[in-house]
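J.: Questions regarding the structure given below will be posed in turn.
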Amino acid sequence: MDILQHLIVYWDAVMLDIPAGSITLRDDRKKIIWSEELNSFELSSHPITQLEYQVFMGCTPATFNGANHPIESISWWNAIDFCNRLSAHFDFETCYEIDESRELATWNPKANGFRLPTDAEWEYACRAETGDVRYGPLEDIAWYAGNTFKEGTREVALKQPNSWGLHDMLGNVWEWCWDVYDAEFYGQYRVFRGGGWADAERGCLASNRRRSHPTYSIDDLGFRIARIP
């Protein structure tokens with residue numbers, strides 16, 4: 001098996017099918033509630049690892065080194081660059097068009113390449129139709145301040161997955177989403193989700209939404225990838 005065939009088999013196993021459905025979201029800062037209908041999509045079973053990032057990007061800027069640890073200390077721009085590069089490798093249509101100034105990115109939702117999940121897709125996949133803000137006891141499903149002792153990330157997929165097979169949706173690292181948080185107030189700030197290794201219990205909830213500038217990077221923020229089937 002050549003390297004391309006190996007990678008195709010690997011990514012086929014990593015990408016899990018998420019069924020169509022609906023999700024009701026809320027933003028406590030803006031005091032709003034809204035619902036979204038979602039088509040089926042695929043989502044990676046774990047956050048992108050340092051090894052996966054290294055293979056396609058040629059570097060591992062992570063603070064806490066480990067091939068199977070989640071990549072972190074990367075910006076939103078780094079995350080969509082990875083998505084485009086992975087798509088191109090498999091001859092998929094890239095999802096993102098990025099202008100030369102790297103101040104604007106547009107998403108083609110019909111493209112069959114890899115991309116970041118939307119805010120709604122992320123929460124819908126995290127809850128896995130349970131209706132709960134956690135898909136199990138926190139100690140069993142997440143790396144957070146209570147069991148990492150604020151010492152850094154852990155290898156992905158060591159904790160129990162949710163009912164759809166998704167590991168580390170809560171804890172380990174926060175995860176970038178595609179969405180602009182509030183363009184009128186925050187400009188191009190993007191949403192990230194899930195809680196991280198340094199967060200207390202209250203930080204690891206399916207409903208928590210944070211945001212920052214797309215150039216922002218920190219040692220508890222990574223991403224996972226989505227794709228249309």
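J.: Heavy-atom accessible area per residue, the range 32-84, 1.4 Å probe: how many Å²? Can you show the working numbers first?
T.: Numbers: 2020 Å² over 53 residues.
In whole numbers, the range 32-84 has 38 Å² accessible per residue.
J.: Still on this structure, please answer the following. Cα-Cα pairs above 22 Å in the range 29-120: how many percent? Can you show the working numbers first?
T.: Working: 1584 of 4186 pairs.
Of all Cα-Cα distances in the range 29-120, 38 percent exceed 22 Å.
J.: If you don't mind, another one. Using the Cα atoms of the chain to build a convex hull, what is its mean projected area in square nanometres? Kindly include the intermediate steps, with their values, before the conclusion.
T.: On the way: hull surface 48.4 nm².
Averaged projected area of the chain's Cα convex hull equals 12.1 nm².
J.: Taking only the alpha carbons of the range 165-229, what extent do you get along each of the three principal axes, in Å, biggest first?
T.: Extents along the principal axes, in whole Å: 35, 34, 21.
J.: Next question. May I ask you to give the solvent-accessible area per residue for the range 153-220, in square angstrom, as obtained with a 1.4 angstrom probe?
T.: So the range 153-220 comes to 40 Å² accessible per residue, rounded to a whole number.
J.: For the range 65-81, what does the Karplus curve 6.51 cos²θ - 1.76 cosθ + 1.60, with θ = phi - 60°, yield as ³J(HN,Hα) per residue in whole Hz, taken in order and with x for Gly and Pro?
T.: Once rounded to whole Hz, the list reads 6, x, 4, 9, 7, x, 5, 8, 6, 10, 7, 4, 4, 4, 5, 6, 4.
J.: With a cap of 16 neighbouring Cβ atoms within 10 Å, and only residues DSSP puts in a loop, list the trypsin sites (Lys or Arg not before Pro) found in the range 1-90.
T.: For trypsin sites (Lys or Arg not before Pro) across the range 1-90 that sit outside H, G, I, E and B with at most 16 neighbouring Cβ atoms in 10 Å, the list reads 29, 30, 31.
J.: Continuing with the same structure: Remind me, relative contact order of the range 90-191 in percent, using alpha carbon pairs under 8 angstrom and six or more residues apart?
T.: On the way: 126 pairs, mean separation 21.8, N = 102.
About 21 percent, as a whole number.
J.: Using θ = phi - 60° and the Karplus curve 6.51 cos²θ - 1.76 cosθ + 1.60, what whole-Hz ³J(HN,Hα) does each residue of the range 27-38 get, with Gly and Pro shown as x?
T.: 10, 5, 5, 8, 6, 10, 10, 8, 10, 9, 8, 10
J.: Return the carbon/sulfur percentage of the accessible area of the range 103-227, one whole number, probe 1.4 Å, all protein chains in place. Please report the intermediate quantities before stating the final value.
T.: Values: 2320 of 4940 Å².
Of the solvent-accessible surface of the range 103-227, carbon and sulfur hold 47 percent.
J.: Can you give me the relative contact order of the chain as a percent, contacts being Cα pairs under 8 Å and 6 or more apart?
T.: 24 percent
The values are calculated or read from the model by the stated rules, or taken from the named source; none is laboratory data. Predicted model, so just to flag it, every value in this text is computed and none were measured. Glycine gets a Cβ as well: all are built from the backbone with ideal geometry, and neighbour counts include every protein chain shown. For the accessible areas, the whole protein counts, side chains as well, though only heavy atoms, and no ligand, DNA or RNA atoms are used. Shrake-Rupley method; radii C 1.70, N 1.55, O 1.52, S 1.80 Å.
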